[in-house]
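Take a look at the structure set out below.
The values are calculated or read from the model by the stated rules, or taken from the named source; none is laboratory data. Keep in mind that what you see is a predicted model, and the values were worked out from it rather than measured. Cβ placement follows ideal geometry from the backbone for every residue including glycine, while neighbour counts extend to all protein chains displayed. The protein model used for the area step is the full one, side chains on, heavy atoms only, and it has no ligands, DNA or RNA in it. Shrake-Rupley method; radii C 1.70, N 1.55, O 1.52, S 1.80 Å.
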Amino acid sequence: MDPNVADRLWRSSCGRYTVEADAGWLARLSDIARRAWPCEIGASLVGTYSDDGFTARIEDSGPVPSDSKRGRMTFVRGVAGLRDYFRNIYLRSSGKRHYVGEWHSHPGGSAFPSGTDDAALQDICRDRKTGCPETVLLLVAVAKDGNTEFGVLVYSRDRGRIELHERKTEER
């Protein structure tokens, strides 16, 4: 990530959960979502956690698996190649970088999760094989004019859906 580009930060109202992402990377994600218009697109998120586990730093996006299903109002991320992709990320980073969640676009929609989004992310948290009891969802709402808006949530195995709100630089 470019250290000269400001990070963006989202925090839960209770202050427990924080998600950080590089503004330059988010701009690239917006471009991907715009190019996919009018269909949804998405992928897994790659990142790190703070020592206490309550701050996730999103550093990259995994590939869009070839078995993903895309439509105007639906995106189902496939799994083809992800096991090897994440194993390599984990090994190359000595266990520091790994899966932290999912992202997808909502063309012409809002940066708020659908019922399908909620169910899918709760399933990931509850699946003990994922090893991810708290999972980030980053939504990219793309307006017809190309403007984008981000929504960030954390899904917790124990606490359910937690909405995060963007904090401005002076609020950090």
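Summary of values
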read-out: Carbon and sulfur %, accessible surface of region 92-170 computed with the full protein complex present, 1.4 Å; value: 47
read-out: Residue-averaged [θ]222 nm for the chain, counting only DSSP H segments that reach four residues, each worth -39500 (n - 2.57); value: -6500 deg cm²/dmol
read-out: For region 69-172: accessible area per residue (Å², 1.4 Å); value: 58
read-out: Gain in span if fully extended, E166 to S13, counting 0.36 nm per residue against the direct Cα distance; value: 54.0 nm
read-out: Dipole of region 43-172 [Lys/Arg +1, Asp/Glu -1 at C-beta], most positive-end residue of A141, V79, F54; value: V79
read-out: Volume per residue of the C-alpha convex hull in region 31-154, rounded to whole Å³; value: 102
read-out: 17 Å reach of a label modelled at S114, 7 Å along Cα-to-Cβ, counting backbone N of region 81-106; value: 102-106
read-out: Check: region 1-148 dipole with +1 on Lys, Arg Cβ and -1 on Asp, Glu Cβ, in debye; value: 320
